[in-house]
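Report on one structure; see the data block that follows.
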Amino acid sequence: MDTKPVLMCIDDDPSVLSAISRDLRRHYGEYYRVVRADSGSTALESLEELKRRSEPVALFLVDQRMPRMSGVEFLAQAIRLFPEAKRAMLTAYADTDAAIQAINSASVHHYLLKPWDPPEEALYPVLDDLLEDWQANYRPAFSGIHIIGHRWSSPTHQLKDFLARNQIPYHYLDMENDPTAAEKLAEAGQSPDVLPVVILVDGEVMTQPSTHELAEHMGLKMQAGRQFYDLAIVGGGPAGLAAAVYGASEGLSTVLIEREATGGQAGTSSRIENYLGFPSGLSGGDLARRATAQARRFGVEILSPLEVSGLRLDGPYRILQLSNGEEIACHALVVAVGLSYHKLNLPGADRLAGAGVFYGASLSEALSCKDQRVFVVGAGNSAGQAAMYLAQHASEVVICVRSDSLASRMSQYLVERIENTPNIKVRLHTEVIELYGEDHLEAVSLCDVRTRQGERLEASALFIFIGAAPQTDWLADIIERDERGYILTGPQIMREGRPPPSWTEARDPFLLEASVPGIFVVGDVRANSVKRVASAVGEGSIAVQFIHQHLAHLK
């Protein structure tokens, strides 16, 4: 049996169908099998057979205007069989409005205009992008890392979340719900008393490993390749990755240090729909994966998971002290550490962390919420995106916000999506005041902030997005911060037209430069920054231009 993933093209025009299948085979035939159909009904019959044979479908490329069954009508049935397949629509120029409507309402990922000549410019780049995204989430018969654990185990959650955020495929076996878990555990010669157990690709077994121990076995890089770099970046979110890409692409020896996983908070976002150039949106994981690959292609050295514990200055050198005891020197430093979510200040919150209480989206836990009620606390875009994603699995998603409206902090497109999602309920003027459960979350108490009336509700999970704070204590005695720990830059550090005593250059600070020359700050950690992914990427790229000017002053 041919096990290549399937590309299915459907068009009632024989000449178009012949041309598109020819172009698909020419470019993708080595890795994919092209299946063609001249109608939606014929295609559905083929899909039923593919489903019976457990053959994967990677892409539907379907004409919109077909007799008896339109492209959108076909896709509505096809995605029930293969929900993960990417969906592209073939359309004439006159039908582009209908195609755009299909993107907004029918889960179509992209549309392509007829004719698509030359395919090297008008066809393949679009399909390459869609197929790359599909491959990132495709899980063939699995022979990689296995994690055996309990759903309500915080260490198990930490391992799953770590691997997911670092784009490392794994298969999770739950001791309570998966009948193969005990068998796999016995094969590994381990007892349920030592969970979580990790079985690596080569068969090595790790019992209750930390994320750092697992990272070492996975070959993630945590030792610097050199002692000095032109540019060092602390933080691997969108701002840090942008600075890394632009710095390395312009010839600077560049190292990026990330304490958890590249992508930062944005990397946990289930969907970013207002990022320029992605009309059907992209997930934070996709953005992190693309940007990380781009940085590595330009030669950026990425150290992760590794934390920066301190900074000292030595003339023109900025020397980073790392949690593994190493030091790295650089001429220019970019601080892009972002923010960390505030912890829920309630009894039991720490005990239940990772056992039903999650900070950020923790998308690795979404599947375990199937057909259950979950709660989201927060009113920003991250909370809204998480709620939309969780609604695909949970029976009910309850968003709790203290204010009288979602619109005050959430983008309007997201508010509208939430309002139109039937299994999402918004509780305004509401806060969580109590958690219940011994080894895992079982229920929450909600309180109306106006009347102080409380209500206890069953809950399988609580996802928290209640504001965030910068992690900048390691810089406290070196650069100027505001009262909340955000770093001051550019004009913000000037006093009566003069820079502070820590400023040693004759020039004024650059726009994104901190109170010490050569230290630049980008993204959410910068005081009064715009908390958006696009602005973080913009600041990261702009900072590199200032870094070049700073380095020129050192010569």
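A few notes on this one:
- Peptide packing for 367-374, 58-65, 296-303 was compared via the average number of neighbouring C-beta atoms within 10 Å per residue; ordered from the highest value, the list is 58-65, 296-303, 367-374.
- Under the simplified labelling scheme, the ARG495-ALA122 pair shows an inter-label distance of 6.4 nm, with each label point 7 Å from Cα along Cα→Cβ.
- The range 183-216 residues near the modelled SER323 label - backbone nitrogen below 18 Å, point 7 Å along Cα→Cβ: 209-216
- Calculated over the range 145-227, the projected area of the Cα convex hull averaged across directions stands at 5.9 nm².
- Accessible surface comparison of TYR229, TYR436, probe 1.4 Å, protein chains only, largest first: the order is TYR436, TYR229.
- Measuring between their Cα centroids, the range 332-407 and the range 465-529 lie 30 Å from each other.
- Extended-chain gain in nm, criterion 0.36 nm per residue less alpha-carbon gap, THR180 and GLU30: 50.5 nm
- Annotation for the range 185-245 versus the range 128-171: alpha-carbon center distance of 13 Å.
- Per-peptide average of other Cβ atoms within 10 Å, ordering 250-260, 449-459, 515-525 highest first: 515-525, 250-260, 449-459
- Between PHE298 and LEU511, the contour length at 0.36 nm per residue exceeds the Cα-Cα span by 74.1 nm.
- Treating each Cα of the range 309-353 as one equal point scatterer and applying the Debye formula with no solvent, the log10 of I(q)/I(0) at q = 0.14, 0.30, 0.31 Å⁻¹ comes out as -0.55, -1.09, -1.12.
- Computed over the range 421-555, the range of Cα coordinates on each principal axis works out to 65, 31, 30 Å, biggest value leading.
- Of the beta bridges in the chain, as assigned by DSSP with both residues counted there, near 35 percent are antiparallel.
- Fraction of the pair-distance distribution of the range 258-366 above 23 Å, Cα-Cα pairs, percent: 47
- Taking only the alpha carbons of the range 370-468, we obtain Rg and Dmax values of 12.8, 39 Å in that order.
- Note on ASP129: accessible area approximately 60 square angstrom, rounded to 10, probe 1.4 Å, nucleic acids and ligands left out.
- With protein chains left intact and a 1.4 Å probe, residues in the chain average 46 Å² of accessible area per residue.
- Within the chain, helix-based [θ] at 222 nm, where runs of 4 or more DSSP H residues each add -39,500 (n - 2.57), nearest 500: -9000 deg cm²/dmol
- Normalised convex hull volume, the range 477-520, alpha-carbon set, Å³ per residue: 73
- Alpha carbon centroid spacing (whole Å) that separates the range 414-461 from the range 61-94: 38
- For GLU480, the accessible area of its heavy atoms, probed at 1.4 Å with every protein chain present, is near 60 square angstrom.
- For the range 161-303, the Cα-based Rg and Dmax, in that order, read 18.3, 54 Å.
- Relative protection proxy for 16-27, 380-391, from highest mean packing down: 380-391, 16-27 (other beta-carbon atoms within 10 angstrom).
- Computed magnitude of the charge dipole of the chain (debye, nearest 20; Cβ of K, R +1, Cβ of D, E -1): 700
- Here's the list of lysines a cross-link from LYS343 could span, going by alpha-carbon distance under 24 Å and ignoring same-chain residues fewer than 8 apart: LYS160, LYS425, LYS531.
- One equal scatterer on each Cα of the chain, no solvent, Debye formula: the resulting log10 I(q)/I(0) at q = 0.08, 0.11, 0.12 Å⁻¹ is -0.63, -1.14, -1.30.
The values are calculated or read from the model by the stated rules, or taken from the named source; none is laboratory data. A quick note: this is a predicted structure, and the numbers were derived from the prediction, not measured. Here the Cβ is made from the backbone with ideal geometry for all residues, glycine too, and neighbour counts use every protein chain on show. Heads up: the accessible areas ignore ligands, DNA and RNA and are worked out on the full protein's heavy atoms, side chains in. Shrake-Rupley method; radii C 1.70, N 1.55, O 1.52, S 1.80 Å.
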